[in-house]
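J.: Shown below is the structure under consideration.
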Amino acid sequence: MLAYMLHRISGLGMIIFVSLHVVASFSMQQFGSTLGTTINTIYESVYFQVLLYFCVIFHTLNGLRIVILDFWPKLLEFQREATWVQWAVFIPVYALTVFVMLYIQLSGG
């Protein structure tokens, strides 16, 4: 149930990011307003990017698990194990991503 909810929330998070990106680009190009600059500042922050990468990586891996189970229905009896494998892949990939982002942020590079 947690994977189901996180899949929906992460998809919504990516939709919100893309929508904010379009609004920011449009407002900066058409009106030269500070709204676009403000939105850019928000989604260029390391906190927003950590959250966005969580959404992207989790949504991708969970979607891949769902596709694999849909293509090979005999594997549905191993759904619990597939979920554990997904988390076993997600946690180190996400941890490495966050580590690199924070290292770059803290080193000033």
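The values are calculated or read from the model by the stated rules, or taken from the named source; none is laboratory data. No experiment lies behind these values; they were computed from the predicted model shown. Using ideal geometry, Cβ is built from the backbone for each residue, glycine included, and neighbour counts are taken over all protein chains shown.
J.: Of all residues in the stretch 42-83 being of a type in the set (Gly, Ala, Ser) and over 14 Å from the mean Cα position of the chain (by Cα), which is nearest to LEU102 (Cα to Cα)?
T.: SER45
J.: Here is a further query. Take the residues in the stretch 12-46 that are aromatic (Phe, Trp, Tyr) and modelled with pLDDT under 90, then tell me which one is surrounded by the most Cβ atoms within 10 Å (Cβ to Cβ).
T.: TYR43
J.: OK, next. Using the structure shown, decide if TYR103 is of a type in the set (Ser, Thr, Tyr) and exposed (fewer than 14 other Cβ atoms within 10 Å of the Cβ).
T.: yes
J.: Scanning for something within 26 Å of MET1 (Cα to Cα) and either assigned to a helix (DSSP H, G or I) or not polar (S, T, N, Q) (or both), does the stretch 97-108 turn up at least one residue?
T.: Checked the stretch 97-108: at least one residue is within 26 Å of MET1 (Cα to Cα) and either assigned to a helix (DSSP H, G or I) or not polar (S, T, N, Q) (or both).
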